[in-house]
1. Counting only complete DSSP H runs, which helices of the chain cover 18 Å or more along their long axis at the Cα atoms and score a mean Kyte-Doolittle of 1.6 or above?
2. Test of understanding: express the Cα radius of gyration of the stretch 2-100 as a ratio to 2.2 N^0.38 Å, with N the residue count.
3. I'd like the distance between the alpha-carbon centres of the stretch 53-68 and the stretch 100-173, rounded to an integer number of Å.
4. Arranged by the count of other C-beta atoms within 10 angstrom, fewest first, what order do M115, M162, M169 take?
5. Can you give me the distance in nm between label points at T14 and S68, each placed 7 Å from the Cα along the Cα-to-Cβ direction?
6. In the neighborhood of S163, defined by Cβ-to-Cβ distances under 15 Å, what is the net charge if each Lys or Arg adds +1 and each Asp or Glu adds -1?
7. With r as the distance between the Cβ atoms of T109 and T157 and R0 = 30 Å, compute the FRET efficiency 1/(1 + (r/R0)^6) and round to 0.05.
8. Can you list the residues, at least 5 places off or on another chain, whose amide H is less than 5 Å from the amide H of N43, using H built in the peptide plane?
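Only the coordinates and a few stated rules stand behind these numbers; no lab work does. Treat the numbers as computed from the prediction; the structure is a model and nothing was measured. We place every Cβ from the backbone using ideal geometry, glycine too, and count neighbours over all the protein chains shown.
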Amino acid sequence: MTNVTPQQLKTALTEHATDTTVDFINVCTPAEYNEKHISGVRNVPLDALSEHVDEFRDIQRIYIHCQSGRRAAQAIEQLRALGVQADLINVAGGLTAWHEAGLPTASHTNRLPIMRQVLLIAGSLVLLGVGLGWFVHPAGYLLSAFVGAGLSFAGATGWCGMSFVLAKMPWNQ
């Protein structure tokens, strides 16, 4: 897999802004894209990638990024499996690396970012579980244990089920 730095992506965006043989895609969810994205990069969510294969027929090079790079790597594997012939390029570190490099981002929303929503709900559920365990029945502590296990799983794998559920909520559309 070919990787480029955020600075190299910025240069490519400038050099190929009008080149119809080069495409720039963000494979994050629409809610994540609306929160923060790179101008000049369009959103093609990972879970809808197969629906867009025809759009890549005449493309020679596709720069792909997500939040951290994990979904972009999955997108590259998926596009290769779907027969896309373009040169597929991963932006190393994704939008996180872009932001850390001090490069500008755009936003289409003013709502709380998905990860802040996750933290707010997870923290509230942990507090609820402790309250239930203390005041109602010791089994209430299981709610806190369940949320803690989910957060640990998300941290270990980079996949957070709660964030995917929240991304589909009406206020995040």
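1. The answer, listed by residue number, is 114-135.
2. 0.96
3. The distance from the Cα centre of the stretch 53-68 to that of the stretch 100-173 comes to 31 Å.
4. M169, M115, M162
5. Here the modelled spin labels are 3.1 nm apart.
6. Charge balance near S163 sits at +3.
7. Rounded to the nearest 0.05, the efficiency is 0.65.
8. Here N26 satisfy the definition.
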